[in-house]
Amino acid sequence: MQNESQNIEYKESWRDEYIKWICGFANAQGGIIYIGVTDEKQICGVVDAKKLMEEIPNKVRDLLGIIVDVNLHASDGKEYLEIVTEPSNVPISYKGQYHYRTGSTKQELKGVALQQFILKKMGKQWDDVAHETATLDCIDNKAIAYFVKKGIASGRLPKEIENEATEHVLENLHLLTEEGKLKNAAILLFAKDPLRYFTGIQFKIGRFGVDETDLMFQDEIEGNILQMADKVVNTLKSMYLKSLIHYEGMQRIESLEIPEDALRELLYNAIIHKQYPGYPILMHVYEDHIELWNEGQLPVGYTIETLLTKHSSKPRNMNIANVFNKAGFIEAWGRGIGKVIDGFRKAGLPVPTIAERDGGLVINIFRSKGEKRDFGSDFGSDFGSDLSERQKNILNLLIKDGTQTAESFSKALGVTKRTIETDLSFLRKKGYIDKTTKDNRSPWIVLKIK
């Protein structure tokens, strides 16, 4: 019998309140409830199994309006039930409540989450819905001009679009309905004041001390989301991040401590995949790392591991993603996180980590220490005094490619696999490296570079 998971639930006896669980399965990807089975998958049996086989389908039909299969099984003389729920293509409510199965828990959907869920079941996305009161007068022509300029420069828009009227540009981007109403995406992307129409459009940046209770100073970025990344980067450069200086011959070169292209990619991802309306995007800047959080769960069937490997793009907001693509900001192939990882590795920095938290995604970005940037051949005498030369070599190799295994290290360094496993365990215990997720098959990341 399978372990309890996103699609399986075990109950020792039947209670009518479990119809909520059936509702949650129907609104998600379907699932199975076993009655007469413990959480440890031990069959304890159920009383009046045949009677329940008749009652449960009728109660589910009357309360939810759907049909479930109830199957009788027996093992070692003990009977138990299997209730199979198929996913529904329409929203299912239980006494006016909408339940949803996510992970191994059930939750009641309310507010924005419920609105998003119902739209999705209708085959719509929130950014594609028409706004009933906004008019073309709310659109900022400067924002339109900014988009056109970026799109032409990237080669994704024709030169002739410079002469197009604002209304025609919006029509070509499918941001107007057939009746000429602005879609929600048009307001977010191009409005003079999107906050007049929706909440949670801001981008909040805070500089913190030891922890999140120690706020030193902060900024709040407002305005349309198309130009938001530019504003955020400029603010970070002016107050929050260091610029590293080096010379090429006599020429002084300044570069942001975090690879700017990779940083922008992370910002674009947060803006595009955010759940609108809702909470602002939050950036906590600490001395040694940055936390970037945006509201919104992963697409159905996606995990953190999915993001870290080759995957198809499933944007939450298709219209917003389309405009960012035509502006030349992003690609349309799900390569964003891969480009970020490449950017950080080329800069000799640890790869950011990703986790689900508080109904959204948080990306942990490790900051540069400032002095040494090229770790390809030598960490320097002041680094890792507690490490052997072989362990330093392992760190060098992991910075270049976090997917390497003990076996590949063994071949590269000419020692046994067991020796490498001991080194990796030591480096992990000392906080030099860790896995990108809880899955031990996931890639390594380097946490300390000095």
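Rule-based calculations on the coordinates, nothing more; no lab input. Keep in mind the model is a prediction, meaning the values are calculated, not measured. Note that each Cβ is placed from the backbone with ideal geometry, even for glycine, and that neighbours are counted across all protein chains shown.
Table for the structure above
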read-out	value
Estimated FRET transfer efficiency (Ser238, Ile66; beta-carbon r; R0 51 Å; 0.05)	0.35
Relative contact order (%) - the range 22-91, alpha-carbon pairs under 8 angstrom, separation at least six	45 percent
Among Gly200, Gly296, Gly45, residue whose mean-square fluctuation peaks in a GNM of the chain (springs only between Cα atoms under 10 Å)	Gly45
Sequence-separation-based contact order of the range 1-157, relative, with Cα cut under 8 Å and 6+ spacing, percent	23 percent
Exposure proxy ranking, count of Cβ atoms within 10 Å, fewest first, for Tyr100, Tyr286	Tyr286, Tyr100
Calculated log₁₀ intensity ratio I(q)/I(0) where the Debye formula runs over C-alpha points of the range 1-81, q = 0.14, 0.15, 0.22, 0.23 Å⁻¹	-0.43, -0.50, -1.07, -1.16
Gap separating the Cα centres of the range 199-243 and the range 7-47, nearest whole Å	46 Å
Contact order relative to length of the chain, as percent, for alpha carbon pairs under 8 angstrom and 6 or more apart	10 percent
Listed residue (Leu195, His168, Ala134) projecting farthest to the positive dipole end of the range 128-196, Cβ model	Leu195
Cross-link partners of Lys400 among aspartates and glutamates (Cα-Cα below 12 Å; sequence separation of 8 or more within a chain)	Asp342, Asp374
Value of D in µm² per second that Stokes-Einstein yields for the range 389-446, Kirkwood Rh from Cα pairs, at 25 °C (0.890 mPa s)	219 µm²/s
Selection from Val233, Ile8, Gly278 lying farthest towards where the dipole of the chain points positive, charges on Cβ	Val233
Set Lys106/Lys429; Lys110/Lys242; Lys231/Lys346 screened for pairs whose C-alpha atoms are more than 31 Å apart	Lys106/Lys429; Lys110/Lys242
Sum of side-chain charges, Gln227 neighbourhood, beta-carbon under 14 Å (Lys, Arg +1; Asp, Glu -1)	+2
Order by protection proxy (mean Cβ within 10 Å, highest first), peptides 66-72, 288-294	288-294, 66-72
Rg followed by Dmax, in Å, when the range 128-196 is reduced to its Cα trace	11.8, 34
Reported label for calculated log10 I(q)/I(0) by the Debye sum over Cα atoms at q = 0.09, 0.11, 0.12 Å⁻¹ given (i) -0.77, -1.02, -1.12; (ii) -0.63, -0.93, -1.08; (iii) -0.54, -0.81, -0.96	(i)
CD proxy at 222 nm, helix term only [per DSSP H run n ≥ 4: -39500 (n - 2.57); per residue of the chain; nearest 500]	-9500 deg cm²/dmol
Set Lys51/Lys78; Lys183/Lys274; Lys237/Lys274; Lys274/Lys430 screened for pairs whose C-alpha atoms are more than 26 Å apart	Lys274/Lys430
Stokes-Einstein translational diffusion, the range 305-364 - Kirkwood Rh over all Cα pairs, 1.306 mPa s, 10 °C, in µm²/s	123 µm²/s
Cβ-based net charge around Cys23, under 10 Å, with every Lys or Arg adding one and every Asp or Glu removing one	+3
Set of aspartates and glutamates near Lys204 by C-alpha distance (under 12 Å), chain-local residues within fewer than 8 positions excluded	Asp219, Glu220, Glu222, Glu291
Summed residue charge, Cβ within 10 Å of Lys417's Cβ, Lys/Arg positive, Asp/Glu negative	0
